Amino acid sequence: MLSWEIVEHGKPLQKSLRETPKPQGTEVLMRITRSGVCHSDLHIWDGYFDLGGGKRFYVKDRGCVPPFTPGHEPFGVVEALGPRAKGVRAGQKKLIYPWIGCGKCAVCKAGQDNYCVSGSRFLGVNRPGAYSTHVLVPDPKYLLDTAGIDDAFAATLACSAVTAYSAANKLPKLNKGDAVAVLGCGGLGLIGMLAGYAYLTHFDPFYHVAFVYGDISDGRAVPTRLHRANLILDVFGGAKAVRRTLERFKAEGRGVLVMLRDGAAGVPVVAIPKADETASGEARSRQWREVGLGAQILKDLGVSSIRLLSFSRQMTYVGLSGFGIEIVSTEPVEV
Ligand SMILES: [Zn+2]
Ligand SMILES: [Zn+2]
């Protein structure tokens, strides 16, 4: 395989030809088709991060010692599988999650590899990265489906978009009229700003997010989309449904996108609507829960009536009026 390696910090990358690794066990060999260039790559190339006040953080202290291949925003095609690698097939396009941990410690076992301190194997940091024709991934679980998202944009999602998303989720409770300043218009800032500003509700133990575009202060006939959040598929503009919603808001001059986090508790105890007779009980209670949460957030935003943007004919949200939100119209949106 061909790789572009840092052989000396601050010096041009060197092209090197090495043997293409053969996947063992659960490993997957990916052929790289897209690779984001992150600003962190430039610091890694320098050999240090400038912490200000003359302080530096040297990447060699994290085991990042030349020669090595940078690149932690990889996207590619499954090329070969180890004998125990399950769940993916050769030829599938996948986003590669780069923050790979030791796989053995408590945080790794809980699926939080990015917190691993007992032997992290971050691609492009501790392991050969994506400035290469191939990358070896320890397990198929680090490969994510991004169908519907442009490959080049998808490559950046597991670094810059996840960072902006998790920062937005750490915001304290905000009140109506509060503003959130996003500093910097780089890769993270632009993703964070795409939909205007974030509003968080305390309705659940964790946060749901609503993006308000334009002026909705009259609260009447506001174009609204209730959306079940999917971190990787959605991250602010990546998924088609979200992108279409934002385009619609732009055309209309305003709108509210409510992103409901999965696993929410707190279903209001109200009779389940009859309109959805054929759906399973689980699907019905899930829809009902979304209706309740969505209505609560909309009310907190001062919205009293909406034009519901709908992507699916099955989703009727008939219960919204029971929570004091009038649906002026339901408008299909082509995806
Ligand atoms: Zn990055
Ligand atoms: Zn670990």
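Here are some notes:
- Percentage of interatomic Cα-Cα distances in the stretch 21-78 larger than 13 Å: 70 percent
- Taking a sphere under 12 Å around the Cβ of GLY255 and counting the other residues whose Cβ falls inside, with K and R at +1 and D and E at -1, yields a net charge of +2.
- Amide H to amide H, with H built 1.01 Å from N, ARG56 comes under 5 Å of LEU51, counting only residues 5 or more places away or on other chains.
- Derived scalar couplings ³J(HN,Hα) [the stretch 105-120; Karplus, 6.51 cos²θ - 1.76 cosθ + 1.60; whole Hz; x for Gly, Pro]: 7, 4, 5, 5, 5, 7, x, 10, 3, 5, 8, 5, 10, 9, x, 5
- Working from Cα pairs under 8 Å separated by at least six residues, relative contact order for the stretch 2-145 is 31 percent.
- Highest mean packing first, where packing is the average number of other Cβ atoms within 10 Å per residue, the peptides 49-55, 165-171 line up as 165-171, 49-55.
- Which of LEU301, LEU13 has the fewest Cβ neighbours within 10 Å, and the rest in rising order: LEU13, LEU301
- Counting neighbouring beta carbons within 10 Å and listing from fewest to most, the residues ILE306, ILE32 come out as ILE32, ILE306.
- Orientation-averaged projected area, Cα convex hull of the stretch 2-145 (nm²): 8.9 nm²
- By the count of other C-beta atoms within 10 Å, a proxy for reagent exposure, TYR58, TYR48 are ordered fewest to most as TYR58, TYR48.
- Once the Cα-Cα distance is subtracted from the 0.36 nm per residue extended length, the LYS173 to HIS9 segment shows a gain of 54.7 nm.
- Per-pair calculated FRET efficiency, R0 = 45 Å: ARG56 and ALA147 via Cβ, rounded to 0.05: 0.60
- Taking 29 Å as the straight-line reach from the Cα of LYS15, the lysines in range (excluding those fewer than 8 positions away in the same chain) are LYS60, LYS93, LYS94.
- Dimensions (Å) - the stretch 71-117, Cα atoms, principal axes, largest first: 33, 26, 13
None of the figures in this text is laboratory data; all of them are computed from the coordinates on show. Predicted, not measured: the structure shown is a model, and the values here were computed from it. With ideal geometry, Cβ positions are generated from the backbone for all residues, glycine too; neighbour counts draw on all protein chains shown.
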